[in-house]
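Undergrad: Let me give you the structure first, and then I'll get to my questions.
Where a number appears in this text, it was derived from the coordinates with a stated rule and is not lab data. Because the structure is a prediction, the values reported are computed rather than measured. We place every Cβ from the backbone using ideal geometry, glycine too, and count neighbours over all the protein chains shown.
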Amino acid sequence: MLKGRQGYTLVELIVVMAIFVTVIIVASAGFNTVLTHVGQQSKQMETDIGSVVGLELFRSDLQNAGYGLPWTFQSTPAAAGYTEVTTSDTGLPMTATFWPSGQSPRTYNDASTGVPRAVLSGNTNFNLKDGIGSKYLVLKSLTVTGSVDGTQKKWMTVTFGDTGKSAPSWNDATRDFSASEKVMVLRNTFANGTPSRQLQVNSGGAYSTTFSLYSTLTIPHSSGDMFQVYGVDQSTTPRMPFNRADYFVSTPATPPPACAPNTGILYKSVLNQGSGFTDIPLMDCVADMQVVYGIGPTDSTDVNFHQTTLPGTGSAQEIRQQLKEIRVYILAHSGKKDTGYKHPQSQIAVGESFGGTLNGRTFDLPTQIGAGWDNYRWKVYTLVVRPQNLIQ
């Protein structure tokens, strides 16, 4: 303290400086803690927002599986015009290293003579343990491409009566076809209580044409016939009478820096009508994806039991009639590594037991993720969807 004009003593200055330095150190430590916490929370929020968007897109695709698919063919399409995935295609599904021996995206083809199956799935070697790996899911429908031009969402009903053809338009530019858009035509029939949707194929084996010429695919017809005209692609001549998207988990060459080891990205890869896949990331930091099906009797919406395989032999008809529900389980973590956090469970059920044996698998985090597994916030995201275009 001051004594007249003598000023501070050296001891007093040292004490004041020590107090000042202590306050600065404490404040800095607190600030660092706040910054770390804010960083963790912001990354977790970023992950959560991204997951919501990607999973809602996935949910929509699951719900629309089977939309616009033919049940039978008027005649066999020309082999050159119905190819689906070929060895010349490009994209992540073609270069992925997780394929079991003898399998590839072509494993899920229905070309060149098969009626398309709305849903297919199988095993991969991604995080493989005890013979079970992350699943590969394939959805087939016209709307699964999600293109910005909206061609695949357009449709029109055409009927023939005693007075001629009726083909009313929507009077809406976003719903009416333009002359050059590529379309296909299905004949709707109902005989002996059994409905059918037959893909119209001309004498040359073509099943698609421009909208301006769609009527060539309604020949022959008679009074009472009803046809459905569906958009397939804006301008490209189709190589398959449907659109297809493949869903899988794969680790990119440069993984997201916030993700745990042995995790990957959940991708949606759209098979283009022209060539190749377009790869769309849906969700980061994914360790596993499992698929379970709810099965029920024909002509009922009831789910009698769940299993990891498709009903019966997995034919298009059995899928259409007996597949009532699709459940997808995705194991991922939110946020980045947090050394101050300890995850309480070392084993996580990716799937459900429904009162019996687990459908899916138990994921062992220490074994399959490795050291530091418990410094991540793990969560199983569950999608439960009833496909609206399958239930009869």
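Undergrad: Calculate the spin-label point distance for Ser212 paired with Gln103, positioning each point 7 Å from the Cα along the beta-carbon direction, and give it in nanometres.
TA: A separation of 4.6 nm, rounded to one decimal place.
Undergrad: Hey, another quick one. Hey, can you grab everything whose amide H is under 5 Å from the amide H of Lys165? Only 5+ residues off in sequence or another chain; H modelled, so Pro and N-termini drop out.
TA: The answer is none.
Undergrad: Using a 10 angstrom cutoff on alpha carbons, build the Gaussian network for the chain and name the most mobile of Gly102, Gly340, Gly204.
TA: Ranking Gly102, Gly340, Gly204 by mean-square fluctuation puts Gly102 first.
Undergrad: If I stretch the segment between Ser169 and Ile14 completely, what's the gain in nm (0.36 nm per residue apart, minus their alpha carbon distance), one decimal?
TA: Full extension from Ser169 to Ile14 adds 46.9 nm.
Undergrad: Oh, and also: I'd like the distance separating the alpha-carbon centroids of region 314-378 and region 210-273, in whole Å.
TA: Value for the Cα centre distance between the two parts: 28 Å.
Undergrad: Over the alpha-carbon set of region 187-249, divide Rg by the Kirkwood Rh and report the Rg/Rh ratio to two decimals.
TA: Taking Rg over the Kirkwood Rh, I get 1.04.
Undergrad: Can you compute the equivalent ellipsoid semi-axes for region 281-391, i.e. the square root of 5 times each eigenvalue of the Cα gyration tensor, sorted largest first and rounded to whole Å?
TA: 34, 14, 11
Undergrad: What residue among Met283, Met184, Met94 has the largest mean-square fluctuation in a Gaussian network model of the chain, using Cα springs under 10 Å?
TA: Residue with maximal mean-square fluctuation among Met283, Met184, Met94: Met94.
Undergrad: From zero up to wherever the largest Cα-Cα distance of region 151-233 sits, split into 5 Å bins and tell me the percent of pairs in each.
TA: For region 151-233, the binned pair fractions read 3, 15, 25, 25, 19, 10, 3, 0 percent.
Undergrad: Something else about it: How much FRET efficiency would the formula 1/(1 + (r/R0)^6) give for Gln317 and Ala80, where r is the Cβ-Cβ distance and R0 is 41 Å, rounded to 0.05?
TA: For R0 = 41 Å, the calculated efficiency reads 0.95.
Undergrad: Between Val26 and Ala371, how high is the FRET efficiency from 1/(1 + (r/R0)^6) when r is the Cβ-Cβ distance and R₀ = 30 Å? Nearest 0.05.
TA: 0.35
Undergrad: Could you work out [θ]222 nm for the chain from helices alone, using -39500 (n - 2.57) per DSSP H run of at least four and dividing by all its residues? Round to the nearest 500 deg cm²/dmol.
TA: -6000 deg cm²/dmol
Undergrad: Still on this structure, I have one more. Give me the extension gain from Ala253 to Val303: residue separation times 0.36 nm, minus the current Cα-Cα distance, reported in nm with one decimal.
TA: Stretched out fully, the Ala253 to Val303 stretch lengthens by 13.9 nm.
Undergrad: Any idea what the alpha-carbon Rg over 2.2 N^0.38 Å comes to for the chain?
TA: That ratio works out to 1.35.
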